[in-house]
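For reference, the structure discussed in these notes is given below.
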Amino acid sequence: MRMIFIGPPGAGKGTQAARLVDKYKIPHISTGDMFRAAVKAGTPMGQEADRYMKSGQLVPDEVTIGLVRERFAQPDTQAGFMLDGFPRTVPQAEALSEALTADGVQLDTVLLLEVPDRLIVDRIIGRRSDPETGEIYHLTFNPPPPEVSDRLVHRKDDTEEAVRSRLEAYHKMTAPIIPFYETSGLLQRVNGVGTPDEVTAVITSTLT
Ligand code: ADP
Ligand code: ADP
């Protein structure tokens, strides 16, 4: 299964992607996670990415496409993948199509997780993640168990100010890839409003 997950920041892509990769036994490729790992490791690419991420802007296409190309060179992607948070611009979508065509493979589906802007801010402000397990929590909607609460991380771009920029970037730069995939007949719209289990049920029925 080769699929991509698009949707606004905080829509629940990471939460749902984690469930899908378990089910389909495919690698979860999150460009956001890869950038955060590079920032933490202090690599030159991480330092460059950090400048954009902090303020909620997109990392330039050349850097992002290079990162994904490197990841695709690893053999575990041959049997399938879940791309979460990539592509986010039309040039990224074009680069992905070219890379897949060169490999003689095609995408199976593009899931668009739709959540209105007015629900996004609350989802993002309350997000916390567990660096040890990768689990994503929400202070209200998916409360963490008390024993992990001391080690939870609040992302520095999960502030109200950065969320506004991220939403703006989504509408300006990412939404234009929707017609790109609609034309190719791959796009599946999924209502992201509801409990995480309800959304999983909608996705599962969409994929069968
Ligand atoms: P979310 O879905 O919560 O917005 P991500 O973890 O996917 O967050 O991304 C965090 C940040 O990493 C983005 O705001 C952006 O700065 C950068 N980033 C991630 N993926 C891409 C991408 N495909 N293109 C450009 N920048 C990206
Ligand atoms: P994304 O990867 O799209 O940025 P996440 O999966 O990290 O989104 O979810 C953002 C926040 O919203 C997290 O705190 C998560 O626990 C919470 N969340 C995810 N799905 C739902 C849902 N269906 N209803 C309410 N909160 C949700």
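The values are calculated or read from the model by the stated rules, or taken from the named source; none is laboratory data. What you see is a predicted model; the values in this text were computed from it and never measured. All Cβ positions, even for glycine, are placed from backbone atoms using ideal geometry, and neighbour counts span all protein chains on display. Keep in mind that these areas ignore ligands, DNA and RNA; they rest on the heavy atoms of the full protein, side chains included. Shrake-Rupley method; radii C 1.70, N 1.55, O 1.52, S 1.80 Å.
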All but one of (1) assigned to a helix (DSSP H, G or I); (2) away from ligand 1 (no atom under 12 Å from the Cβ) hold for residue 26; which doesn't?
(1)
Residues of segment 1-20 classified as open to solvent by 20 Å² or more (accessible area, probe 1.4 Å), more than 11 Å from ligand 1 (Cβ to nearest atom) and part of a helix (DSSP H, G or I), total
2
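Give me the residue from segment 29-41 that is more than 9 Å from the chain's Cα centre (by Cα) and within 12 Å of ligand 1 (Cβ to nearest atom) and, out of that set, most open to solvent (accessible area, probe 1.4 Å).
Per the criteria, the residue is 36.
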A careful count of residues in segment 174-203 that are in contact with a helix residue (DSSP H, G or I) (Cβ under 8 Å, 6 or more places away or on another chain) and either closer than 28 Å to residue 143 by Cα or of a type outside the set (Val, Ile, Thr) (or both) gives 14
Is one or more of the residues making up segment 80-87 open to solvent by 30 Å² or more (accessible area, probe 1.4 Å) and over 16 Å from the mean Cα position of the chain (by Cα)?
no
Any residue at all in segment 9-23 that is among the aliphatic types (A, V, I, L, M) and away from ligand 2 (no atom under 16 Å from the Cβ)?
no
Hits in segment 143-189 - residues which are of a type in the set (Gly, Ala, Ser), more than 20 Å from residue 52 (Cα to Cα) and surrounded by 12 or more Cβ atoms within 10 Å (Cβ to Cβ)
149, 184
Cβ pairs under 6 Å, 6+ apart or interchain, first in segment 191-208 and within 14 Å of residue 113 (Cβ to Cβ) and among the basic types (Lys, Arg), second outside any helix (DSSP H, G or I) and open to solvent by 60 Å² or more (accessible area, probe 1.4 Å), ordered by first then second residue, are none
Are there any pairs with C-beta distances below 8 angstrom linking a residue in segment 43-69 that is closer than 23 Å to residue 160 by Cα to a residue that is open to solvent by 60 Å² or more (accessible area, probe 1.4 Å) and outside any helix (DSSP H, G or I), with the two at least 6 apart or on different chains, and if so which?
54/156; 58/88
Taking residue 133, is it open to solvent by 60 Å² or more (accessible area, probe 1.4 Å), free of Cβ contacts under 8 Å to residues at least 40 places away in the same chain, away from ligand 1 (no atom under 15 Å from the Cβ) and part of a helix (DSSP H, G or I)?
no
In segment 194-207, what residues are surrounded by fewer than 14 Cβ atoms within 10 Å (Cβ to Cβ) and near ligand 2 (Cβ under 10 Å from one of its atoms)?
194, 195, 197, 198
Would a scan of segment 98-117 turn up a residue that is crowded, with 18+ Cβ neighbours inside 10 Å, within 14 Å of ligand 1 (Cβ to nearest atom) and over 17 Å from residue 29 (Cβ atoms)?
yes
